[in-house]
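Just below is one structure, and these are the notes that go with it.
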Amino acid sequence: MIEPLVKTIEVPCNQKQAFTVFLDMSSWWPKHNFSTAVMRGQTVKELRVDARRGGRIVEIGSDGHEQLWGTIKTYDPYGYVNMDFHIPHPSEKNPGFSTVEVRFTALGKDRTRVELKQSNWEALGDVAKMVQGGYRQAWVMIFEGAYKAACGSLSASAVPPSTSGS
């Protein structure tokens, strides 16, 4: 068994925002670095996430090619999401899917702990160990970098409360 990959970060927004931003992947995912389209020499036209149980995560390349990245298996708004997930290399004919679980825990009014756990590497077959190593490095840029920054931009753009008496 290949050990699960676990990443835990704190983001500067509330639990509802952290969950919502995570599932709005098209707004923060570094598509120019991490996508099947780029591996095929194209760009990503759209990254679509159907945020619900059974919803699909689909990348649409500039050439119209659609690539399934995963399917949401458990959708518990603001607390937990579980999905089959894998951004396959174009050479993978029948790619398997790892399991990605994301838990959102409020740490106060405007802080949330977000834990991402990726497992079920064996479903990826012969490339499992190599793919796990790739995700180990990629999640640093994707999850710890781009996603955390997207959550941070929410608090930076928040309008300060007005003061009374002028």
From the list Leu107, Leu116, Leu154, which residue is within 12 Å of the chain's Cα centre (by Cα) and either under 20 Å from Trp29 (Cα atoms) or at pLDDT 95 or above (or both)? Leu116
If you go through segment 26-84 one residue at a time, how many are open to solvent by 30 Å² or more (accessible area, probe 1.4 Å), among the aliphatic types (A, V, I, L, M) and touching a residue at least 24 places away in the same chain (Cβ under 8 Å)? 3
Could you list, in sequence order, the residues of segment 111-137 that are surrounded by 15 or more Cβ atoms within 10 Å (Cβ to Cβ) and not in a strand (DSSP E or B)? Arg111, Asn120, Trp121, Leu124, Val127, Ala128, Val131, Gln132, Tyr135
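The values are calculated or read from the model by the stated rules, or taken from the named source; none is laboratory data. Computed from a predicted structure; not experimentally measured. Heads up, the Cβs are rebuilt from the backbone with ideal geometry, glycines too, and the neighbour counts pull from every protein chain shown. SASA here: full protein model, heavy atoms, side chains in, ligands and nucleic acids out. Shrake-Rupley method; radii C 1.70, N 1.55, O 1.52, S 1.80 Å.
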